[in-house]
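Before any comments, here is the structure.
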Amino acid sequence: MSTTFSSFIPPKRILMGPGPSDVYPQVLQALARPTIGHLDPQFVALMDEVKSLLQYAFQTKNELTMPISAPGSAGMEAVFVNLVEPGDKVIVCQNGVFGGRMQQNVERCGGVAITVEDEWGKQTSLSKLQEALEANPDAKAVAFVHAETSTGVLNDAEALCKLAKEYNCLTIVDAVTSLGGSELKVDEWQIDAIYSGTQKCLSCVPGLSPVSFSPLAIEAIKARKTPVQSWFLDMDLVMGYWGKGAKRAYHHTAPVNSLYALHESLLILKNEGLQESWKRHQTNHLSLKSGLEKLGLELAVDEQYRLPQLNSVRIPEHIDDAEVRAKLLNDYNLEIGAGLGGLAGKVWRIGLMGCASNQKNVDYCVNALNDVLK
Ligand code: PLP
């Protein structure tokens, strides 16, 4: 190991994998601004703006909308530790890696996870969910992943929530990859608890997890018989710092500069407009699809539920997956993702997320793949 150390200068990559995605230059500039105190009145004013901008991004009026000071997995934990008590039954839909993590969260909270399983690469089936709801009238919640990053599938969040509500269940949604990239309407679709990440379609730095809880979810938290087992993620305590009004109490030292960055990326989203952002992700996805098809490559997910921001591409036979990805990274500074779990070696995952979703990147990626596959 070297005994001399110097500053780390990262290579300039183009991030077209499953995340993190490229970060807007304005967001990196915001990150580099001087740190101020996390109880400074000016910082508190910024926190209020972050909450309003997140309400816009999530399309919600939920008061309890804020970023957790840790990545998407912490947002996931925040939702489950607050809503699931020992013995609670939660129906968890699984059609990829991240549904599996939801199940583990339920079980670690002492809850009982009833799984609704669909093949990886297919959508969660409404009829299977209905069967599970019929068979488990005492279920407290239904949980599912909106955008399954491991496969490139968009689950029908609106229909899944509508069905769950017919059985009086709370709805828990993973929107780590969907927020900002796919249509998402928290209030209209009756989502009770949702978590996301900053490093995908928001094109912010990794390390924060926006969450939102509906009034019904708050009621469920207030009705708990046992204290939330996580001190750091207990929403009641967190809200002492993030809640309304000028009087905020210290809970933990907020990641001040990362919050400048999130504010900047949400401003960019607001200025572009949500609808425009969803449309841009779709347009660039279609352009990538047509470029890949010209190379003889095909997408692995059915057209009607393909994610525009995460494209699973079948790896042709006799092609060495790892060699292609290594060549793209080393010779083209281009990162694309490998398949996960059962899809390892079978698909590449090409992300077009946030500011990385643009025509220049589509062309660059298609041309680089063309060269490398020759
Ligand atoms: N859920 C989904 C759908 C994801 O894609 C990811 C990360 O890729 C996570 C949860 C976990 O987020 P993080 O890696 O920020 O902890």
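The values are calculated or read from the model by the stated rules, or taken from the named source; none is laboratory data. Just so we're clear, the structure is a prediction, and the values are computed from it rather than from any experiment. Here the Cβ is made from the backbone with ideal geometry for all residues, glycine too, and neighbour counts use every protein chain on show.
Which pairs turn up if I take residues in region 226-243 that are among the small types (Gly, Ala, Ser) and look for partners that are in a loop (DSSP other than H, G, I, E, B) and at pLDDT below 95 with beta carbon separation below 8 Å, at least 6 apart in sequence or on another chain?
Every condition considered, the pairs that remain are Gly240/Arg248; Gly240/Ala249; Gly240/His251.
Go through region 183-218 residue by residue and tally those that are of a type in the set (S, T, N, Q) and over 11 Å from the mean Cα position of the chain (by Cα). Show your work before the answer.
So in region 183-218, the residues of a type in the set (S, T, N, Q) come out as 190, 196, 198-199, 203, 209, 212, 214.
Next, only the ones that are over 11 Å from the mean Cα position of the chain (by Cα) stay: 190, 203, 212, 214.
Here the count works out to 4.
Looking at region 94-101, is at least one residue under 23 Å from the mean Cα position of the chain (by Cα), outside any strand (DSSP E or B) and away from the ligand (no atom under 13 Å from the Cβ)?
Keep residues of region 94-101 that are under 23 Å from the mean Cα position of the chain (by Cα), which gives 94-101.
Of the ones still in play, those that are also outside any strand (DSSP E or B) are 95-101.
Next, from what is left, pick out any that are away from the ligand (no atom under 13 Å from the Cβ): none.
Scanning region 94-101 turns up no residue that is under 23 Å from the mean Cα position of the chain (by Cα), outside any strand (DSSP E or B) and away from the ligand (no atom under 13 Å from the Cβ).
Confirm whether Gly181 is within 25 Å of Ile315 (Cβ to Cβ) and in the same structural domain as Ser209 (by TED's automatic domain parsing).
Answer is yes for this residue.
Among the numbered criteria (1) in contact with a His (Cβ under 9 Å, 6 or more places away or on another chain); (2) surrounded by 16 or more Cβ atoms within 10 Å (Cβ to Cβ); (3) farther than 23 Å from Lys61 by Cα, which single criterion is violated by Thr177?
Looking at each condition in turn, Thr177 falls short on (3).
Of all residues being within 16 Å of the ligand (Cβ to nearest atom) and among the polar types (S, T, N, Q) in region 37-91, which is nearest to the chain's Cα centre (by Cα)? Just the residue, please.
Ser73
Exactly one condition in (1) more than 13 Å from the ligand (Cβ to nearest atom); (2) on the phi > 0 side of the Ramachandran plot is not met by Gly207; state its number.
Against the list (1) more than 13 Å from the ligand (Cβ to nearest atom); (2) on the phi > 0 side of the Ramachandran plot, Gly207 comes up short only on (1).
Let's see how each residue does on (1) closer than 12 Å to Leu369 by Cα; (2) free of Cβ contacts under 8 Å to residues at least 60 places away in the same chain:
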site	(1), (2)
Leu267	no, no
Arg280	no, no
His285	no, no
Gly291	yes, no
Asp320	no, yes
Leu334	yes, no
Gly345	no, yes
Leu352	no, no
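Between Ser258, Ser212, which is within 16 Å of the ligand (Cβ to nearest atom), among the hydroxyl-bearing types (Ser, Thr, Tyr) and either assigned to a loop (DSSP other than H, G, I, E, B) or crowded, with 21+ Cβ neighbours inside 10 Å (or both)?
Numbers: Ser258 fails: either assigned to a loop (DSSP other than H, G, I, E, B) or crowded, with 21+ Cβ neighbours inside 10 Å (or both).
When all the criteria are applied, what remains is Ser212.
Check Arg306 against each of (1) over 16 Å from Ser178 (Cβ atoms); (2) touching a residue at least 40 places away in the same chain (Cβ under 8 Å) and name the one condition it does not meet.
The failed condition is (1).
Across region 52-78, what is the total count of residues that are out of contact with any helix residue (DSSP H, G or I) (no Cβ under 8 Å at 6 or more places or on another chain) and in a helix (DSSP H, G or I)?
Going through region 52-78 one residue at a time, the tally reaches 6.
I'd like to check something: does region 185-208 contain any residue that is closer than 20 Å to Arg306 by Cα, outside the structural domain of Leu299 (by TED's automatic domain parsing) and either in a strand (DSSP E or B) or among the acidic types (Asp, Glu) (or both)?
No, region 185-208 has no match at all.
Please go through region 190-200 and pick out each residue that is buried (at least 22 other Cβ atoms within 10 Å of the Cβ) and either more than 16 Å from the ligand (Cβ to nearest atom) or among the β-branched types (Val, Ile, Thr) (or both).
Restricting attention to region 190-200, the residues satisfying the condition of being buried (at least 22 other Cβ atoms within 10 Å of the Cβ) are 191-200.
Ile191, Asp192, Ile194, Thr198 - these are the residues of region 190-200 that are buried (at least 22 other Cβ atoms within 10 Å of the Cβ) and either more than 16 Å from the ligand (Cβ to nearest atom) or among the β-branched types (Val, Ile, Thr) (or both).
When you go through (1) within 16 Å of the ligand (Cβ to nearest atom); (2) within 30 Å of Asn367 (Cβ to Cβ); (3) assigned to a helix (DSSP H, G or I) one by one for Val23, which number turns out not to apply?
The number of the failed condition is (3).
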